[in-house]
Amino acid sequence: MLNFRDYLNFAERYIRHAEEDGINSSNLEWLLIPSAILAWTAIESFVNNRFFDYGSLPDKKFELHERAFLLEKKIKFIDSGAKSGSFVLEGNEYKRLEDKIFFLISKFSSKKEEDLKGKSLWQNFQEFKTLRDNILHPRTDKDIEIDINKVKKHIDTSKRIIQLISEHLWSKKVEF
């Protein structure tokens, strides 16, 4: 199974290839787009695997709404039958990546993160998300503005977001 390091490695390989070919090519999108998507996938992989790890812990470790969030399930109130008056988890309710990041940091960190949304890292993350959305949801009225430096910045943002989460969860840096 691939992990976040693998995705980052692939992203960096694409960007190196783009840098090598850049002198002889005016169309590098075929290398830059997969590099950006792989860097985003690294964040998703890291976060989703933390959710899986925590979601695998015994039920009593978390309140029902927290388990629902970790497992990306809906909470349903049972109004008939043997379990009448109780709540159960069912169906899928997918969460945004940024919500998952904030949940991990706020729930499991021993230190307080001051105004993450106001920091340059978060602004870079939002910029990265916009590029990712434009790539995955193309529209004729929106151009994809992508270049080597922008993708390198997004790979760095991916690493920094993973690092931020790691420092909050385990008080240590991950190796890339």
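The values are calculated or read from the model by the stated rules, or taken from the named source; none is laboratory data. Just so you know, these numbers come straight off a predicted model, no measurement behind them. Reconstructed Cβ throughout: ideal geometry from the backbone, glycine too, with neighbour counts over all protein chains shown. Quick note on the areas: whole protein, heavy atoms, side chains included, nothing else; ligands and nucleic acids left out. Shrake-Rupley method; radii C 1.70, N 1.55, O 1.52, S 1.80 Å.
Here are the numbers:
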{"quantity": "Per-pair calculated FRET efficiency, R0 = 35 Å: Thr140 and Ser120 via Cβ, rounded to 0.05", "calculated": "0.65"}
{"quantity": "Those GluC sites (Glu not before Pro) in the range 84-121 that DSSP places in a loop and that have at most 12 other beta carbons within 10 Å", "calculated": "Glu114"}
{"quantity": "The range 49-176, accessible surface, carbon-and-sulfur percent (1.4 angstrom probe)", "calculated": "48"}
{"quantity": "Under the Karplus curve 6.51 cos²θ - 1.76 cosθ + 1.60, θ = phi - 60°, whole-Hz ³J(HN,Hα) for the range 74-83, x wherever Gly or Pro sits", "calculated": "8, 9, 10, 8, 8, 10, 7, x, 5, 9"}
{"quantity": "Arg139 accessible area, 1.4 Å probe, all protein chains in place, Å² to nearest 10", "calculated": "130"}
{"quantity": "Given Lys61/Lys153; Lys60/Lys152; Lys117/Lys173; Lys111/Lys142, the pairs whose alpha carbons are separated by over 32 Å", "calculated": "Lys61/Lys153; Lys60/Lys152; Lys111/Lys142"}
{"quantity": "Separation in nanometres of the label points that stand 7 Å from Cα toward Cβ, at Leu57 and Leu2", "calculated": "2.9"}
{"quantity": "Per residue value of the accessible surface for the chain (all protein chains in place, 1.4 Å probe), Å²", "calculated": "61"}
{"quantity": "Residue-by-residue Karplus 3J(HN,Hα) for the range 153-163, coefficients 6.51, -1.76, 1.60, Hz, glycine and proline x", "calculated": "4, 6, 5, 4, 4, 4, 4, 5, 5, 4, 4"}
{"quantity": "Percentage relative contact order, the chain, counting C-alpha pairs under 8 Å, at least six apart", "calculated": "25"}
